[in-house]
2 protein chains.
Amino acid sequence: MSTPLSIKIDRSSPIPLYHQVAQGIEGAIRDGSLASGTRLENEIELAQRLRLSRPTIRKAMDDLVQSGLLVRKRGVGTQVVSSQIRRHLELSSLNDDLERAGKKPSTSLLSFEHIPAPTEIQELLSLPKDVSVYHFTRLRSASGSPLALMENWVRDDIVELDEKSLQAHGLYELLREAGVNFRLAQQRIGATTADDIQAKALDTAAGSALVTMQRTAVDDTGRNVETGAHVYRADAYSFEMTLVQR
Amino acid sequence: MSTPLSIKIDRSSPIPLYHQVAQGIEGAIRDGSLASGTRLENEIELAQRLRLSRPTIRKAMDDLVQSGLLVRKRGVGTQVVSSQIRRHLELSSLNDDLERAGKKPSTSLLSFEHIPAPTEIQELLSLPKDVSVYHFTRLRSASGSPLALMENWVRDDIVELDEKSLQAHGLYELLREAGVNFRLAQQRIGATTADDIQAKALDTAAGSALVTMQRTAVDDTGRNVETGAHVYRADAYSFEMTLVQR
DNA sequence: TTTGTCCAATTGTCCTGACAAAAAATCTGT
DNA sequence: ACAGATTTTTTGTCAGGACAATTGGACAAA
């Protein structure tokens, strides 16, 4: 049942060929021209048709298998699994998420200080002794209603932060602009009930459910750049993800 | 700074060479002989020393980069990021998790029925009209104290379930034994507060915080095998994961 | 009808080789 | 001593080929 699948390859483009292929296939899946369950052309045929080598095709498919869009089976072929995969829970900020979702995020800075790292934070960030941290709390709202209360610590030897920029921009945005390339993050999601202070800030009742999230983010040089503890109104936010068996 | 790194390769083993390499490196990282931040031998040298080709080495390293153990940088080399990565939030059951953690999970079956699928479930599982489902709720305890309340729906055309086997075994265990190969799952994590029934079952106070999780699992043939809604005592459970930037 | 065997299709693994691109280290001219 | 250019090191991308392993179907035998 091999579907034709027309993909344009631009050999003069700086973006790698395998990635062009992956994008092409992903696009076809997302816009519905490759329905869930469809079997793809086999690798060799596709390679010949696009005038690419089989390893290149395989690399493209590998990536899509990783992200859960395709399933391969030896002796059988490659199938589209689902067209409704939410992209793997990414290393993104709440700000990014909201903007993508078309909401209008706004932030108010509740506190800001530049202090020597408390021992707990020093350990979490594996800080050298002479490095201090920025410590601040922010309230993030979407379309006017409060959504999250965020407390963060950021080491001060990477970027200079001040009240003004934090009001206007997302933290991850600022860090990326400063040349930080995030590589991975350790994250823990749980639940709690709102205490009086949290309830007031989030405009909800004391005792209402909150989603908690702690995260420590690492950049490409291995430094722990940032750690934070966030709470979200449970009625307004939840974490979605797609798990892929490897 | 290339560390020697001794890895044994067994060419007669059925396990792929690249995987042997990956296991070797991962082992060295986890047992501390490759400390965080260490730079590895470069690919070509390692390939020559192990008498393997560079693509094989690269494939091994790719996998480790994916799981967040290594970071590569063109012109620089490959570094160990962290030795304390929790393996990527896996497609595992609570039962598996607890057994790995050395707890003694026990399950009590609170209800069990074999019914035509409600339309909502029928949609979630993309069921054909003639397929019914098993619907059951279980209470999972660890080391004696109640931990999670789990409600599940399983299509009935894959495996035959009954009360006895669900008492004795984990759901995923049963499904895997029936030949189901899970490939991916869509998951949503949030929070809520305990109502009277939940509180009683979980031996906690009404209004206390609970972590909620909904999951739909897909097997390698693209079938949605199972969907469920679980709640966990927030003081006893949270979700940990490592996010990797790709 | 059932069981077993073989064959074709397809992905999985592994190899060799080549050049490109980025980063770091080194050299050179001032 | 410094700035800029050059070289070296290292990973990234791509090609082509070979054989192995698994699956599913067709066919033959019981």
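The values are calculated or read from the model by the stated rules, or taken from the named source; none is laboratory data. It should be emphasised that the depicted structure is a prediction, and the values quoted were computed from it without experimental measurement. When we count neighbours, we look across all protein chains shown, and the Cβ atoms used for this are built from the backbone with ideal geometry, even at glycine.
Tally time: how many residues in the range A:215-231 are at pLDDT 95 or above and within 12 Å of chain B (Cβ to nearest Cβ)?
Within the range A:215-231, residues that are at pLDDT 95 or above and within 12 Å of chain B (Cβ to nearest Cβ) number 1.
Kindly indicate whether B:ARG176 is among the basic types (Lys, Arg) and assigned to a strand (DSSP E or B). Outline the logic, then answer.
Values: among the basic types (Lys, Arg): yes; assigned to a strand (DSSP E or B): no.
Criteria not met by B:ARG176.
So, in the range A:1-46, how many residues would count as being within 13 Å of DNA strand C (Cβ to nearest atom), over 27 Å from B:VAL218 (Cα atoms) and surrounded by fewer than 17 Cβ atoms within 10 Å (Cβ to Cβ)?
8
Being out of contact with any Ser or Thr (no Cβ under 8 Å at 6 or more places or on another chain) and within 17 Å of B:GLY77 (Cα to Cα) narrows it down to one residue among B:LEU52, B:LEU40, B:LEU46; which is it?
Numbers: B:LEU52 fails: within 17 Å of B:GLY77 (Cα to Cα); B:LEU40 fails: out of contact with any Ser or Thr (no Cβ under 8 Å at 6 or more places or on another chain).
The conditions single out B:LEU46.
What number of residues within the range B:39-78 satisfy the criterion of being within 11 Å of chain A (Cβ to nearest Cβ), in a helix (DSSP H, G or I) and of a type in the set (Val, Ile, Thr)?
The total comes to 1.
With the requirement that a residue be more than 16 Å from A:ASP203 (Cβ to Cβ), within 21 Å of the chain's Cα centre (by Cα) and either surrounded by fewer than 21 Cβ atoms within 10 Å (Cβ to Cβ) or of a type in the set (A, V, I, L, M) (or both), what does the range A:138-157 give you?
A:GLU151, A:ASN152, A:VAL154
Is one or more of the residues making up the range B:202-210 part of a strand (DSSP E or B), under 17 Å from the mean Cα position of the chain (by Cα) and within 14 Å of chain A (Cβ to nearest Cβ)?
Keep residues of the range B:202-210 that are part of a strand (DSSP E or B), which gives B:209-210.
Checking which are under 17 Å from the mean Cα position of the chain (by Cα) leaves us with none.
Within the range B:202-210, not a single residue is part of a strand (DSSP E or B), under 17 Å from the mean Cα position of the chain (by Cα) and within 14 Å of chain A (Cβ to nearest Cβ).
Determine if the range A:159-180 includes at least one residue that is small (Gly, Ala, Ser), surrounded by 17 or more Cβ atoms within 10 Å (Cβ to Cβ) and within 14 Å of another protein chain (Cβ to nearest Cβ). If you could, list the steps in order and put the result at the bottom.
Of the residues in the range A:159-180, the ones small (Gly, Ala, Ser) are A:165, A:168, A:170, A:178-179.
Filter once more, so that each one left must be surrounded by 17 or more Cβ atoms within 10 Å (Cβ to Cβ): A:170.
Restricting the remaining residues to those that are within 14 Å of another protein chain (Cβ to nearest Cβ) gives none.
For the range A:159-180, residues small (Gly, Ala, Ser), surrounded by 17 or more Cβ atoms within 10 Å (Cβ to Cβ) and within 14 Å of another protein chain (Cβ to nearest Cβ): absent.
Is it true that some residue in the range A:36-57 is touching a residue at least 40 places away in the same chain (Cβ under 8 Å), within 22 Å of B:VAL244 (Cβ to Cβ) and within 12 Å of DNA strand D (Cβ to nearest atom)?
So far as the range A:36-57 goes, no, none of its residues is touching a residue at least 40 places away in the same chain (Cβ under 8 Å), within 22 Å of B:VAL244 (Cβ to Cβ) and within 12 Å of DNA strand D (Cβ to nearest atom).
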